[in-house]
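*Asks:* Handing you this structure, nothing more for now.
The values are calculated or read from the model by the stated rules, or taken from the named source; none is laboratory data. Bear in mind that the values here come from a model prediction, so they are computed numbers and not experimental data. In this analysis, Cβ positions are derived from the backbone assuming ideal geometry, glycine residues included, and neighbour counts consider all displayed protein chains. Surface areas here come from the heavy atoms of the whole protein model, side chains and all, with no ligands, DNA or RNA. Shrake-Rupley method; radii C 1.70, N 1.55, O 1.52, S 1.80 Å.
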Amino acid sequence: MQAVILVGGEGTRLRPLTYGTPKPMVPLFGVPFLERMLARLRDAGVDHAILAAGYMPQAIEDALGDGSRLGLKLTYVVERSPLGTAGAIRNVADQIRETFFVLNGDVLTSLDLRAMLAFHRERGGVGAMHAIQVDDPSAFGCIVRDGENRIESFVEKPRRDEAPTNEVNAGTYLLERSVLEAIPAGRNVSIERETFPALLAAGERLYSYVTDDYWLDLGRPAQYRQAHDDVLDGKLVLETPPVLGDRGGTIYTIGAAGVPENVRPPVFIGAGSSIADSAVVGPYAVLGEKCTIAAGAHVRFAVLWDAVSVDHGARVSEAIVATNVHVGREAVVEHGAVIGHDATIEPGTVLEPDARVAAPGRVPTEAIS
Ligand code: GDD
Ligand code: MG
């Protein structure tokens, strides 16, 4: 079984994190998100994943290589300029032999891929689309279907008051090879805005595979933090391998025994991180490896990557902090702040709500446009 994973987006909404790490490689409890996705695919019987890349492809390849460590074959196809979500699939057509999965590279879900395949085999048609119900469909692709789950129309990112349903495209498809022929080659094509509507207009059968799985698009800061909270709350169990803690981290759940007095569960503390006795960490703090939290500092409702140091009396809350950041003494990093790799927050600084801070000189170096 083969899968195409769309990982070519620039991750604009996650900037400045994505100046240093491409979106699919942002860590989730110390492990790149894409690595977790590939493990799920492998467990579902996928033995060949094709990564349709464009933005910072080298960072992906450096970490995942040929896939042998993960137990499946990885092929990288790099777009010189962005081909769009369907153009990227058309661009790898010569590698595809049979019915294949397509995954948006930023979707965290408990979807049972084998069950979806069984659904598609039973229904037939040119494809199946995983769908979920959301309160606000305006950030997603909206699905209208009949009683047999056959999709009648598809509207990408409708205005909230014009959305025909609350059922949306959850970013996992099963497609037949014949779909490749419906995508024009050599130009940017959106599967959502062009290919799906064209297939439907041509009378092809596409089915909506609706589930009530855990589902989150990690592509925005609030959602990326939410994913961590949900794992800490047990709403999503991360599958094995890799498991929580297999890199030496510790997860403290509510009610756990042996929790240090200054740690307020639920929290995750990566290997080699140190917390001063008078610092407070948690609740809902996730620390990567080798972080240092100094005396009197507070870290809660926050995700810190590796080698972050939080100096005396500083406060980090409702924030995401990338690798190798220094938060100076008494600084306040709160209310939706996102701090990019290698940045320094000067002592005493109080950041504005939703502040985005990048280190000087940290700009996208491999952007495809
Ligand atoms: N190779 C390649 N080339 N990949 C791309 C390109 C491209 O030109 N453009 C986007 N991608 C990848 C992104 O990296 C991401 O993994 C995926 O395609 C989807 O792009 P997003 O930018 O994250 O789209 P979205 O979240 O706004 O909307 C999409 O996902 C929703 C579910 O999360 C759509 O598919 C919606 O219909 C859907 O509801
Ligand atoms: Mg997305």
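*Asks:* So how many residues does the stretch 347-361 have that are open to solvent by less than 80 Å² (accessible area, probe 1.4 Å) and either of a type in the set (Gly, Ala, Ser) or under 23 Å from the mean Cα position of the chain (by Cα) (or both)?
*Replies:* Here the count works out to 6.
*Asks:* In addition: Just to verify a result, which residue in the stretch 114-125, among those that are open to solvent by 10 Å² or more (accessible area, probe 1.4 Å) and of a type in the set (A, V, I, L, M), is farthest from ligand 2 (Cβ to nearest atom)?
*Replies:* 118
*Asks:* Of the residues that sit in the stretch 215-238 and are basic (Lys, Arg) and within 16 Å of ligand 2 (Cβ to nearest atom), which one is surrounded by the most Cβ atoms within 10 Å (Cβ to Cβ)?
*Replies:* 225
*Asks:* OK, next. One residue is enough: does the stretch 334-346 have a residue meeting the conditions touching a Ser or Thr at 6+ places or on another chain (Cβ under 7 Å) and closer than 22 Å to residue 31 by Cβ?
*Replies:* Yes, that holds for at least one residue.
*Asks:* Here is a follow-up. Hey, any hits in the stretch 90-100 for a residue that's without any contact (Cβ under 8 Å) to a residue 12 or more places away in the chain, more than 16 Å from ligand 2 (Cβ to nearest atom) and open to solvent by 40 Å² or more (accessible area, probe 1.4 Å)?
*Replies:* Within the stretch 90-100, one or more residues are without any contact (Cβ under 8 Å) to a residue 12 or more places away in the chain, more than 16 Å from ligand 2 (Cβ to nearest atom) and open to solvent by 40 Å² or more (accessible area, probe 1.4 Å).
*Asks:* Same structure, new question: Condition first: under 20 Å from residue 230 (Cα atoms), touching a Gly at 6+ places or on another chain (Cβ under 9 Å) and either within 15 Å of ligand 1 (Cβ to nearest atom) or assigned by TED's automatic domain parsing to the domain that holds residue 104 (or both). Can you find one or more residues in the stretch 6-19 that meet it?
*Replies:* Scanning the stretch 6-19, I find at least one residue that is under 20 Å from residue 230 (Cα atoms), touching a Gly at 6+ places or on another chain (Cβ under 9 Å) and either within 15 Å of ligand 1 (Cβ to nearest atom) or assigned by TED's automatic domain parsing to the domain that holds residue 104 (or both), so the answer is yes.
*Asks:* Answer yes if at least one residue in the stretch 77-84 is away from ligand 1 (no atom under 11 Å from the Cβ) and surrounded by 19 or more Cβ atoms within 10 Å (Cβ to Cβ), and no otherwise.
*Replies:* No, that holds for no residue.
*Asks:* Look at residue 283 and say whether it is farther than 27 Å from residue 252 by Cβ and either open to solvent by less than 70 Å² (accessible area, probe 1.4 Å) or not assigned by TED's automatic domain parsing to the domain that holds residue 57 (or both).
*Replies:* Against the criterion (farther than 27 Å from residue 252 by Cβ and either open to solvent by less than 70 Å² (accessible area, probe 1.4 Å) or not assigned by TED's automatic domain parsing to the domain that holds residue 57 (or both)), residue 283 does not qualify.
*Asks:* Restricted to the stretch 1-55, and to residues that are within 13 Å of ligand 2 (Cβ to nearest atom) and small (Gly, Ala, Ser), which residue is surrounded by the most Cβ atoms within 10 Å (Cβ to Cβ)?
*Replies:* Among them, the one singled out is 8.
*Asks:* Please specify each residue of the stretch 26-61 satisfying the condition of being under 19 Å from residue 320 (Cα atoms) and either polar (S, T, N, Q) or more than 11 Å from ligand 1 (Cβ to nearest atom) (or both).
*Replies:* Correct list: 26, 27, 28, 29, 30, 31, 32.
*Asks:* Further question on the same structure: Does residue 128 qualify as being at pLDDT 95 or above and assigned to a helix (DSSP H, G or I)?
*Replies:* No, not satisfied.
*Asks:* Do we have residue 106 as open to solvent by 30 Å² or more (accessible area, probe 1.4 Å) and among the acidic types (Asp, Glu) here?
*Replies:* no
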